[in-house]
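Q: This is the structure, below, for whatever I ask next.
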Amino acid sequence: AGAGPHELALSATPSLDVQIMNDAPIRPAAREAGAVLPHDYPFLFIDEVNEIVPGVRVVCTKNVSINEWFFQGHYPGHPVMPGMLVVEAMAQAGGILLLSDWHGRTAVAYFSSMDKAKFRRAIRPGDVLRLEATLQRSRSSMYWFRGETFVGDQLAAEAEFAVAIVKTT
């Protein structure tokens, strides 16, 4: 079978079981966040891609561990994930939604702006984040999202943000 409209030309081995909505095909390699985003440890804040509705919405997971590098200084004895890194995680989810639809072309998603960020609950070691990014609008290579982060069913953070797609080759 040939490449479908939502397949990526990547060779990573999949390790996640992603639910693709609306029967839109996606190649298994696009299921791994690291196969789609240019980020790597320690700045990749997506552990799983759980659901993609191509061009509409993505749901990802981040497991927050006491071993995260940022807990060394934020705050000793009272570890809390920095709010800006929570927003970065939402933006990375948005980047996955966009780059998983780039048909094998090489591109980078740049976090371009943030607005209306609200932090409603401290995120601590042991929390499992459900990161949701919904595309609101786009123009040219700019994409605007609404992001929400949940711990269980509790809204922990929300923000509106923009991502720019830049071709790298």
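Q: May I ask you to list the residues in region 63-74 that are open to solvent by 60 Å² or more (accessible area, probe 1.4 Å) and either within 11 Å of residue 131 (Cα to Cα) or not in a helix (DSSP H, G or I) (or both)?
A: Keep residues of region 63-74 that are open to solvent by 60 Å² or more (accessible area, probe 1.4 Å), which gives 63, 66-67, 69, 72.
Scanning region 63-74 gives 63, 66, 67.
Q: Every residue in region 75-91 that is in a loop (DSSP other than H, G, I, E, B) and within 18 Å of residue 41 (Cβ to Cβ), please. Quick ask: steps written out before the conclusion?
A: From region 75-91, those in a loop (DSSP other than H, G, I, E, B) are 75-82; that's our starting set.
Hits for region 75-91 are 81, 82.
Q: Going by the conditions given, is residue 100 buried (at least 19 other Cβ atoms within 10 Å of the Cβ), closer than 17 Å to residue 37 by Cα and either of a type in the set (Ser, Thr, Tyr) or in contact with a Cys (Cβ under 6 Å, 6 or more places away or on another chain) (or both)?
A: yes
Q: Another one. So the check is Cβ under 9 Å with 6+ separation or different chains; which pairs have a first residue in region 43-62 that's crowded, with 24+ Cβ neighbours inside 10 Å and a second one that's of a type in the set (Ser, Thr, Tyr) and part of a loop (DSSP other than H, G, I, E, B)?
A: 49/100; 52/100; 58/100
The values are calculated or read from the model by the stated rules, or taken from the named source; none is laboratory data. Computed from a prediction, not measured in an experiment: that's the story for all the values here. Glycine also receives a Cβ, built like all others from the backbone with ideal geometry; neighbour counts cover every protein chain displayed. The accessibility values were calculated without ligands, DNA or RNA, using every heavy atom of the protein model including side chains. Shrake-Rupley method; radii C 1.70, N 1.55, O 1.52, S 1.80 Å.
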